[in-house]
Amino acid sequence: MRRIVVKVGSSSLTTAAGGLDADRVDALVDALAAHADKEVVLVSSGAIAAGLAPLGLPRRPRDLARQQAAASVGQGLLVARYTASFARYGRRVGQVLLTSDDTSRRGHYRNAYRTLDQLLSMGAVPIVNENDTVATDEIRFGDNDRLAALVAHLVRADRLILLSDVDGLYDGDPSTPGTTRIEEVRGPADLHGISIGSAGQAGVGTGGMVTKVEAARIAAGAGIPVVLTSASRAADALAGRPTGTYFHRTGRRSANRLLWLAHASTPQGALVLDDGAVRAVVEGRKSLLPAGVDRVEGEFSAGDPVELRDRAGRAVARGLVNFDARELPRLLGRSTRELAKELGPAYEREIVHRDDLVLLF
């Protein structure tokens with residue numbers, strides 16, 4: 001394990017009333033700093049929770065505007081606390097705030113990788129969080145567990161460690177006598193019939209065991225093994241000692257951004273394809289051309305993610321569209337050569353290029 005992504009939740013860093021717990025932060029940093037031979041990316045929740053008390057908010061607000069205000073105050077406090085704590089070991093930290101829009105587009109994806117890779121090569125610890133201050137519902141990851149899985153793929157990590165207030169995945173409610181911790185998950189069949197709980201009792205986070213298992217599935221499917229355990233056992237997880245629940249890799253490692261397009265983007269509209277176009281996209285792995293589109297649904301701009309659907313309404317793929325929704329109706333059913341002759345060379349191109357397209361099944 002040379003490069004590790006560690007994710008820690010709000011409940012492991014803050015009090016239920018809001019505000020950072022300095023002792024908890026220091027304990028986590030102690031565990032991370034003990035492995036100076038490893039490159040660590042820390043995906044840390046806690047910005048909104050840290051901003052509650054300073055703003056006089058008794059609990060996490062439900063409306064986006066006040067969540068963003070709390071994140072604006074709390075993010076600075078969170079990074080300042082990490083900066084001070086890592087400084088005890090002579091380590092520097094760098095803040096990296098992401099939205100899904102930053103990483104599903106080709107240029108942004110490459111830039112995010114270069115930034116994180118450069119921070120690690122210079123001996124700094126990247127502190128990654130969703131950019132809650134500016135992210136809208138359309139460009140949110142939704143939870144930092146999924147963000148951590150995607151960051152692990154982005155930086156080509158050797159392992160993902162998900163830290164929680166529970167020491168692993170159980171076959172029922174951990175507080176109920178007789179439940180058992182699941183030590184290993186080799187595939188979806190191992191989770192059949194397991195009741196997976198929602199968010200914890202602290203009330204300061206958005207995730208829960210459901211989001212952690214989903215994050216583990218994403219990472220394992222991308223060839224990255226995952227350890228799910230409690231923050232108090234971070235040292236064991238970092239040292240490779242048995243702890244929590246271990247998710248074996250189920251897929252092959254890849255170095256492209258299509259995982260982000262599949263799991264971190266929200267479609268802004270849809271394109272309904274004829275049968276021939278569905279076969280070309282799904283079976284032939286071809287780009288989507290104007291001749292194969294029956295109709296356009298929704299309002300979107302060039303560069304936005306859209307769903308590609310068959311005539312029965314089933315989503316078969318997702319991709320980044322090259323035209324605005326208002327431009328497309330006059331292009332449909334026509335060849336690119338014909339369009340270029342009539343409208344100019346800018347129209348001799350795909351509606352969705354195959355490099356910007358991911359299949360959904």
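Before moving on, here are some points about what is shown:
- Remark: relative contact order (region 246-361) = 30 percent; criterion is Cα-Cα distance under 8 angstrom and separation of 6 or more residues.
- Put a dot 7 Å past the Cα of Leu343, heading toward its Cβ, do the same for Arg114, and the two dots end up 3.2 nm apart.
- Based on protein heavy atoms only, the chain ends up with 45 Å² per residue of surface accessible to a 1.4 Å probe.
- The chain - Kirkwood radius from inverse mean 1/r over Cα pairs (Å): 21.7 Å
- In this structure the amide hydrogen of Tyr170, modeled in the peptide plane, comes within under 5 Å of the amide hydrogens of Ile182, none closer than 5 places in sequence on its chain.
- Percent antiparallel among DSSP beta bridges (both partners in the chain, rounded to 5): 40 percent
- Mean separation of Cα contacts under 8 Å (6+ apart) over length of region 1-96, as relative contact order %: 30 percent
- All C-alpha pair distances within region 145-292, sorted into 10 Å bins from zero, spread as 10, 34, 29, 15, 9, 2, 0 percent across the bins.
- Using a Förster distance of 25 Å, the FRET efficiency for Arg59-Thr83 (Cβ separation, nearest 0.05): 0.35
- Seen against the Cα atoms of the chain and their longest principal axis, helix 64-87 is set at about 50 degrees.
- With contacts taken as Cα pairs under 8 Å at a separation of at least 6 residues, the chain carries a relative contact order of 15 percent.
- Computed from the C-beta positions of Ala189 and Ala239, the FRET efficiency with R₀ = 35 Å rounds to 0.75.
The values are calculated or read from the model by the stated rules, or taken from the named source; none is laboratory data. The shown structure was predicted, so the numbers you read here are calculated from the model rather than taken from an experiment. Cβ: placed from backbone, ideal geometry, glycine included. Neighbour counts: every protein chain shown. Calculation scope for accessible area: heavy atoms of the full protein, side chains included, ligands and nucleic acids excluded. Shrake-Rupley method; radii C 1.70, N 1.55, O 1.52, S 1.80 Å.
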